[in-house]
Every structure is written in C-alpha cells, then in structure tokens.
Amino acid sequence: MLAYNYSCYHFTEWVQYGQITNTQFIIVAILNGVTILPAIVLNALILISIWRTPALHKPSTVFLFNLALSDFVVGLVVQPVLMAWFVLELNAVEIQATYCYMALTMIVSSTFFSCLSFYMVTVVAVDRFLALYLHLRYPTIVTMKRAILVAVSIWLTALSVVVIWFFFGTKYKRVFSILSKSNTAILCSIVFISYFKIYRIVKKHQRQIQAADMSLTRTFSVTGACSLEGSASDSPNTQPQSIRRYKKSLISSFYVYFAFVICYLPILCSVSYDALTNDHRVSAYFTKIALCVLAINSALNPAIYFWKMRELRNAVWGTVNWLREMVGVRRNEVNPSRTAQVAWVVK
C-alpha cells in the first residue's frame, strides 16, 4: 500500500490499492496515441463540412453535429487530460495535490461527455423513428429550431448530471448509483423500443410495396394497356428507393449506437463491479483500461460516418479540397517570388 494520504474522494484508494504499472501505462499510451489524432482531425472535418454545406442543414444532422462536437472535444481535451492523469499517477505520492486536481478534471470531463454521448445517440434513435412514423408530417414537427433546442437541452442535462455527481455523488453514493443505473436502463429501453418499432414499420411498408407491385404486374399482364406503363415504372421504383435511402440512414445510426455500446460496456462493467464488491484493487486497474477504450469511441464514430453516409462523405472530400486550395493560396501569398520563378521557368 502506497503512502498516499491526500484526501481526494475515491482516488485516494485507487492510488493506494491500484497504482498504474509501467506495463499498463504503455498499453494506455498506445491506445490513446493511436486514436487521439483521428478523433481530432476527422471530427473537425465533419464539423466544418456540416457547417459549410447547406444541404446538410437538417434536423437529423443537428444531432450528428453535436455528437461530432462532443467527440472532437474528447480528442482535444479529455484524452490529453487522461494521459496527464496517468503520467502523474506514476509519481502520485510526490505530487499528491496535483494528481488529485488532474484526477478530478479527468473524471468530471469524462463523465460529462459520456452522458452527453449517451443522450445524443438516444435522441438519434428517436429521431429516426419519428422520421418514419410521422412520414410527411416530420418536416413540420421536427424543425431545425426544435432540434437545436433539444441539443442544447442535452448539453445542459449532461452538465447537471456532472454537477449533481460532484456535490452529492460521493456523499450519497448508493442513491446516485441507483439513479444512474435507472437512467441507463431507461435510455437503453428507449433506443431498443425505437429500433424495434422501426423494424416493424419497415417490414410493414415492404409488404405493402410487394403487394402493390404484384397487383400492378397482374393488372398489366391482363389488360396490356399502355397507360399502366408509367405507373408500373414509377411506383415500384420510387417507393423502394426511398426505403433504401432510409435504411442506409437507419443502419448508420445503428452502427453508431453499436460502437457506443461496445466502447462503453467495459466502463459500465468496471463501475458495477466496484459498486458490488468494493474491490478497489481490481476495479482501479480495469477502470483505467476501460477509460481508454471509452475514448476510442470518439475516433470510431467519424469512421462510421465516412463509411455509411455518402452525402457527408462527399461533403468532407469537398472540405478537404477547399482546405488544400486555401493552403495553396496562402503559400503563394507567403512566397510570391518563388511563384514568379516557377512561372518564368515554365515560359
């Protein structure tokens, strides 16, 4: 047991019973080193692309923008703070107060952005359900103004959760644990119900389209009327095309949620194990690794966007070309003599 006697919430016991080892430090350094740059660069490209592309200014993209903003700040702030916390823990006994402040900064920031991401992926699932359930009424009910209002409310809710945890979480640990687990269960239930209802509605629409196609085919074969040629070519193609487009959007949101669950599952298991057993030695080791796995989610999300969302992918490539042109123009402005020499040589 290390001689760490500085009062620092539950981090005092973490250092005493589970100080990070050199092997663990190498593992977490590799995990953060591999993901921190993609999390910053890719999410920055997504934010710029959405901002400068009017076609992407839609209610559904508002939630995607905020999720990318959260992931960007995780890569820019939370992951460096996490690494600084690990570095300080190697010499926590010598710099006890500094270590405590860094640990508190890490846990507050990680808790805030974890809650924010959880709420945001839940809203994305509900938004996909409303887009299918409301159909033609969706643009009139889910407007940009309301989507922005919901996004701001999510940021404030995540902030309130962190404030409540900071002032009351350690004093009323059992009550806060019950509330947080209940909140997690409610959000997971909302997501599950949303995707389940979406699945049923999509299946119902597919059956209706198949029945309509069979009816049109049967009518056309019996009558042979040329007037049915236009309807036979339009109706079977436009409706399946809209459903296929919606399916792509739905699959993208589902992949984002699946990646979220995979990355957040280790930290949930670690926290639950600590609450049930009070085994601070094991839970401290696992929590540190789980926090690094948690941060990987910020690099996975933009990769999913590029993979599954063609419209956003094209916008990002447009942003990359725009940035290259901007850099090229500035280089020419900085070194005009070099440009003149090149032009003279070409002549």
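The values are calculated or read from the model by the stated rules, or taken from the named source; none is laboratory data. What you see is a predicted model; the values in this text were computed from it and never measured. Every residue, glycine as well, gets a Cβ built from its backbone with ideal geometry; the counts of neighbours run over all protein chains shown.
Can you say whether ILE148 is in a helix (DSSP H, G or I), closer than 30 Å to ALA55 by Cα and under 16 Å from the mean Cα position of the chain (by Cα), as far as the supplied structure shows? In short, no. Residues in region 135-152 that are among the hydroxyl-bearing types (Ser, Thr, Tyr) and free of Cβ contacts under 8 Å to residues at least 24 places away in the same chain were compared, and the one that is farthest from ALA125 (Cα to Cα) is THR140. Only one of the listed residues (SER233, SER182) is at pLDDT 60 or above and not aromatic (Phe, Trp, Tyr). That residue is SER182. Residues in region 52-106 that are closer than 17 Å to PHE25 by Cβ and assigned to a loop (DSSP other than H, G, I, E, B): LEU90, ASN91, ALA92, VAL93, GLU94, ILE95. The residues of region 249-271 that are farther than 19 Å from ALA68 by Cα and either touching a strand residue (DSSP E or B) at 6+ places or on another chain (Cβ under 8 Å) or surrounded by 14 or more Cβ atoms within 10 Å (Cβ to Cβ) (or both), listed by number, are PRO266, ILE267, LEU268, CYS269, SER270, VAL271. Answer yes or no as to whether ASN301 is buried (at least 19 other Cβ atoms within 10 Å of the Cβ), assigned to a helix (DSSP H, G or I) and at pLDDT 90 or above. Yes; evaluated as a whole, the condition is true for this residue. Output the residues belonging to region 158-183 that are loosely packed, with under 14 Cβ neighbours inside 10 Å and assigned to a helix (DSSP H, G or I). Matches in region 158-183: LEU159, SER160, VAL163, PHE167, PHE168, LYS173, ARG174, VAL175, ILE178, SER182. For the structure I just gave you, tell me whether TYR138 is touching a Ser or Thr at 6+ places or on another chain (Cβ under 7 Å) and within 22 Å of LEU250 (Cα to Cα). Criteria not met by TYR138. Take ALA290 and decide whether it is in a helix (DSSP H, G or I) and either surrounded by 15 or more Cβ atoms within 10 Å (Cβ to Cβ) or modelled with pLDDT under 80 (or both). Considered against the rule, which asks whether it is in a helix (DSSP H, G or I) and either surrounded by 15 or more Cβ atoms within 10 Å (Cβ to Cβ) or modelled with pLDDT under 80 (or both), ALA290 comes out as yes. Could you please find all residues in region 14-40 being out of contact with any Phe, Trp or Tyr (no Cβ under 9 Å at 6 or more places or on another chain), β-branched (Val, Ile, Thr), surrounded by 14 or more Cβ atoms within 10 Å (Cβ to Cβ) and modelled with pLDDT of 85 or more? Passing the criteria: THR35, ILE36.
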